[in-house]
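As structure tokens, the structure follows; a few thoughts come after it.
The values are calculated or read from the model by the stated rules, or taken from the named source; none is laboratory data. Just so you know, these numbers come straight off a predicted model, no measurement behind them. Please note: Cβ atoms are built from the backbone with ideal geometry, for glycine as well, and neighbour counts cover all protein chains shown.
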Amino acid sequence: MSKVNDLLNALAGGRALYEEIMQREGCCTYEVQELYRPEGRRSTASEQAKEYDHVLASGDNLAYMEYLLKKGNMAGKIQIIYVDPPFFTNSKYQASVRLESAKLGKSPVIKTGAYDDRWESSMEHYLTMLTVRFYMMKDLLSETGCIWVHLDWHGAHYVKMLLDEIFGESNFVNEIAWMYKSGGASKRSFARKHDTLLFYSKTHNYKFNILKEKSYNRQFKPYRFKGVEEFEDEIGWYTLVNMKDVWNIDMVGRTSSERTGYATQKPEKLLERIIYACSDDGDICADFFSGSGTLGAVCDKTNRRWIMCDEGDVATSSQILRLSNIERAAPFAVVRADTLADAEKFARSAVSFSEELGCLRMTDYKPDRFELNVNDQDVAAKYISEDGTSAISFWSVDYDYDGKVHRADEVVTKSDFCTLKEGKTHVIGYDVFGNRFQWGKTI
Ligand SMILES: C[S@@+](CC[C@H](N)C(=O)[O-])C[C@H]1O[C@@H](n2cnc3c(N)ncnc32)[C@H](O)[C@@H]1O
């Protein structure tokens, strides 16, 4: 089947699916299961609502967007939607993690499954998946809002056709080429060193703040033109001009402080540009394919509110860890569909704690499941048989659990310990493979 047919079928099929979803009555509800940085126990309805300005949904974004539109009162409320979906690469992606134990120290880096970008049937399947979601995103956007879709050569030109159709050709604003140095080279083609970001507005009345960039003078010398402001840095003399549509930003390097280990993590600088250009303080920005949580991290640092969603377990745990480490950021909620059975909410990992010398200490842990490269299985097995707690990513403790929402009073990384306090103690933890477990006891 030709790609053009795939495109046409996807447009028709995705549109029909969207209409069917929006016409059917009701949808599942999302319940807050974890609150990070609760800053005291909020009680009033308005304070509760404030907490939901920063929300991480764990699960499929289609069901979550349906909820936001039908029950979450979010139609027309989002200022920016940035999405960096799978690119149609026919590959599986992994996260780099390390096990860590007091006895064995840090393990070499091992790879665990993060997400799958293989589409068995065809491009039609992939484009249909995007079409239905773009329609829902359009409904979520405010009248001054915009959407940014991050792709590469695999699908960008087909997706541009979808967006022309769904958002309207006249709402196309820019195609940004994000250039980077990393990645491979080929003997049979020019080295592929850019991604494509498609930027569409919802209406012609969209918010846009002009950003400036440096433009160096010829020979880096001052021009001294009348009325032109010039500046000098260590390279030479420059003027400030309106930012162009080719962005040269380094990928997140191995030694970068931003690095989470999550495959295909995007640099904060890239998201900063989008957020500064298309939103103001306090606006709501969303990412429904949020991976390691780059959008939320940038929003926290630039005083925007955020909504993120990812269906991957490793993505959810990476995001919670990343966001709970950002200083002075707002509280955030982790939500899941209320239709999930307990077995889906929690892994069957076994955990035990000791209570001694005023501390609650994790003494043993057995991960429920882990998906690893063949080469890494031996390393993981050695660490886990020696010390299961080496697989812990982080855990948090609520000292006064109400039986419904876990309010993280303390977040502890790796298998360390926290203070022991009297009360209904509840622990929620995640291991490096994305397994989520809980433990509770009245102390
Ligand atoms: C390219 S990654 C995003 C990386 C992210 N921009 C970052 O900076 O870390 C794509 C993500 O989309 C998620 N994803 C794929 N299909 C999804 C779906 N239907 N619902 C929610 N998340 C999905 C994957 O789990 C993966 O984490």
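Side notes on the structure shown:
- Remark: pairs (first residue in the range 60-78, in the same structural domain as Arg336 (by TED's automatic domain parsing) and within 16 Å of the ligand (Cβ to nearest atom); second residue not aliphatic (A, V, I, L, M) and not in a strand (DSSP E or B); Cβ separation under 6 Å; 6+ apart in sequence or on different chains) = Asp60/Glu311; Asn61/Phe288; Glu66/Cys27; Tyr67/Cys27; Leu69/Asp139.
- Positions within the range 277-295 being crowded, with 24+ Cβ neighbours inside 10 Å and near the ligand (Cβ under 10 Å from one of its atoms), in sequence order: Asp287, Phe288, Ser290, Gly291, Ser292, Gly293, Thr294, Leu295
- Some residue of the range 301-314 being buried (at least 24 other Cβ atoms within 10 Å of the Cβ), within 21 Å of Ile392 (Cβ to Cβ) and out of contact with any helix residue (DSSP H, G or I) (no Cβ under 7 Å at 6 or more places or on another chain): yes
- Scanning the range 388-408 for residues that are crowded, with 19+ Cβ neighbours inside 10 Å and not hydrophobic (A, V, I, L, M, F, W, C) yields Gly388, Thr389, Ser390, Ser393, Ser396, Asp398, Tyr401, His406, Arg407.
- Filtering Pro331, Pro367 for residues that are in contact with a Leu (Cβ under 9 Å, 6 or more places away or on another chain) and not polar (S, T, N, Q) leaves a single hit, Pro331.
- In the range 209-227, residue farthest from Asp245 (Cα to Cα) [restricted to those that are modelled with pLDDT of 95 or more and of a type in the set (A, V, I, L, M, F, W, C)]: Phe220
- Residue in the range 369-376 that is crowded, with 18+ Cβ neighbours inside 10 Å and not in a loop (DSSP other than H, G, I, E, B) present: yes
- Verdict on Leu99 being over 29 Å from His204 (Cβ atoms), among the hydrophobic types (A, V, I, L, M, F, W, C) and surrounded by fewer than 19 Cβ atoms within 10 Å (Cβ to Cβ): no
- One residue alone among Tyr135, Tyr115, Tyr180, Tyr158 is touching a Pro at 6+ places or on another chain (Cβ under 9 Å) and either assigned by TED's automatic domain parsing to the domain that holds Glu371 or farther than 30 Å from Gln377 by Cβ (or both), and that residue is Tyr180.
- Output for the range 417-443, where each listed residue is surrounded by fewer than 20 Cβ atoms within 10 Å (Cβ to Cβ) and acidic (Asp, Glu): Glu422
- Verdict on Ser390 being in a loop (DSSP other than H, G, I, E, B) and either modelled with pLDDT of 95 or more or within 27 Å of the chain's Cα centre (by Cα) (or both): no
- Ser215 meets each of the listed conditions (1) under 23 Å from the mean Cα position of the chain (by Cα); (2) among the small types (Gly, Ala, Ser); (3) not in a loop (DSSP other than H, G, I, E, B) apart from (1).
- Filter pass, Ala381 being within 27 Å of Val109 (Cβ to Cβ) and either touching a Gly at 6+ places or on another chain (Cβ under 7 Å) or surrounded by fewer than 22 Cβ atoms within 10 Å (Cβ to Cβ) (or both): yes
- Subset tally (residues that are away from the ligand (no atom under 15 Å from the Cβ) and either basic (Lys, Arg) or buried (at least 17 other Cβ atoms within 10 Å of the Cβ) (or both)) for the range 244-273: 3
- Top-ranked residue in the range 93-117 [being among the basic types (Lys, Arg) and more than 20 Å from the chain's Cα centre (by Cα); ranked as nearest to Asn435 (Cα to Cα)]: Arg98
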